[in-house]
1. Looking at segment 274-288 only, could you name the residues that are at pLDDT below 95 and farther than 14 Å from LEU309 by Cβ?
2. Those residues that are small (Gly, Ala, Ser) and assigned to a loop (DSSP other than H, G, I, E, B), I need them from segment 106-145; list them, please.
3. In segment 154-167, how many residues are assigned to a loop (DSSP other than H, G, I, E, B) and touching a residue at least 40 places away in the same chain (Cβ under 8 Å)?
4. ALA255: within 24 Å of ASP197 (Cβ to Cβ), in contact with a Pro (Cβ under 9 Å, 6 or more places away or on another chain), among the small types (Gly, Ala, Ser) and not in a loop (DSSP other than H, G, I, E, B), yes or no?
5. Taking into account only those residues within segment 234-249 that are open to solvent by 10 Å² or more (accessible area, probe 1.4 Å) and at pLDDT 95 or above, which is farthest from GLU182 (Cα to Cα)?
6. Need a quick list: helices (runs of 4 or more DSSP H) entirely within segment 259-338 having at least 1 residues that are more than 16 Å from the chain's Cα centre (by Cα) and surrounded by 13 or more Cβ atoms within 10 Å (Cβ to Cβ).
7. Kindly establish whether SER321 is under 22 Å from VAL254 (Cα atoms) and touching a residue at least 40 places away in the same chain (Cβ under 8 Å).
8. Limited to segment 194-233, what total is found for residues that are over 22 Å from THR302 (Cβ atoms), in a helix (DSSP H, G or I) and modelled with pLDDT under 55?
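The values are calculated or read from the model by the stated rules, or taken from the named source; none is laboratory data. Computed from a predicted model, the values in this text were never measured in an experiment. Please note: Cβ atoms are built from the backbone with ideal geometry, for glycine as well, and neighbour counts cover all protein chains shown. Calculation scope for accessible area: heavy atoms of the full protein, side chains included, ligands and nucleic acids excluded. Shrake-Rupley method; radii C 1.70, N 1.55, O 1.52, S 1.80 Å.
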Amino acid sequence: MASLVLSSFCFPSQKSCSFTSSSLRFRIRAPTDSRFGGPLFVGLGSVKKRNGRIEASVDSTAHPLVFRDLDADDFRHPLDKQNTLLLRAIPGLNEIGRAILGTVTEQIMLLENIGTSILVSKDQLPELHKMMIEAAGILNIEPPDLYVRQSPVPNAYTLAISGKKPFVIIHTSLVELLTRKELQAVLAHELGHLKCDHGVWLTFANLLTLGSYRLPGLGGFIAQRLEEQLIRWLRAAELTCDRAALLVAQDPKVAISVLMKLTGGCPSMADQLNVDAFLEQAHSYEKASSSPIGWYIRNAQTRQLSHPLPVLRAREIDEWSRSREYRSLLERATQMSM
């Protein structure tokens, strides 16, 4: 079964350090903070306290942390879990999905991507190859093949066909737009789909959002409700994969910056973009949409979207980066040997 994952997201990188080490690899024990459930153990390059909050970022020269025993449910978003249960309760959904993509369709999708892209390897675009291998190692998953395709639309997607090695495709405009750390966060986002085995439902939902398929043999109301449920699940799945991006970037500003750049960035103005200002924008949106009228407008705005709004995704990343759950994952991680 082919699984087509189309994602238009963003993850940028900025350092939030007041204390750095140029080359040392070390673990810092920060003061106990009840919001994180105890002391913080992180492979870091900087730590500071601002407005009563402890903020930490990974030193770009230190070896990244690796999650050797990472399970998908360790970082799966609650909305992803909830909507997955709802989809599993729909009789025959998997069968409908498999009926959409037969062997011929799978081969068309496979050859279309392989025939129009460059396969990345240790001998072809080796820096990108290293990024993928490292990201897969951090998330404890087998690395898929990676292809680069010429396109003016910044995007990345994943294709998994039963019995064949899955692969990720990134567009050249995305490579031009992002820093290397941000680009690796994008790769990690795509790996998150594979790690979480989003599979047939992801393919199904993407085909529906692309308008290339309509549900056969179902009443209009039933088909519409099923499509809405699939799209709702897809939005939740994207939040899970943003967490995978954070686990690899190990700096929330990197993951949030990607979203910011994909929202309104361009290479010529990249150095003027401000992650903190974008987060303030996210909080402003949350406040403006908290009234009854705002809530209605927000739901109408997002109802048919395959991805959550970038400002909402940025807020989710920021909140999870300060959660006990994320800190617990960092505490049990080990440094990658280079």
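1. Hit for segment 274-288 is LYS287, nothing else.
2. Applying the first criterion (small (Gly, Ala, Ser)) to segment 106-145 yields 115, 117, 121, 135-137.
Within segment 106-145, GLY115, SER117, SER121 meet the criteria.
3. Total satisfying the criteria: 6.
4. Working: within 24 Å of ASP197 (Cβ to Cβ): yes; in contact with a Pro (Cβ under 9 Å, 6 or more places away or on another chain): yes; among the small types (Gly, Ala, Ser): yes; not in a loop (DSSP other than H, G, I, E, B): yes.
Taking the combined requirement at face value, the residue satisfies it.
5. The initial filter retains those residues of segment 234-249 that are open to solvent by 10 Å² or more (accessible area, probe 1.4 Å), namely 235, 239, 243.
From what's left, at pLDDT 95 or above: 239, 243.
Numbers: LEU239: 17, ARG243: 14 Å.
Filtering first and then ranking leaves LEU239.
6. Working: elements: 275-288, 292-302, 310-321, 324-332.
Where helices (runs of 4 or more DSSP H) fall fully within segment 259-338 and carry at least 1 residues being more than 16 Å from the chain's Cα centre (by Cα) and surrounded by 13 or more Cβ atoms within 10 Å (Cβ to Cβ), they are 275-288, 292-302, 324-332.
7. Numbers: under 22 Å from VAL254 (Cα atoms): yes; touching a residue at least 40 places away in the same chain (Cβ under 8 Å): yes.
The answer is yes for SER321.
8. Summing the residues that are over 22 Å from THR302 (Cβ atoms), in a helix (DSSP H, G or I) and modelled with pLDDT under 55 in segment 194-233 gives 2.
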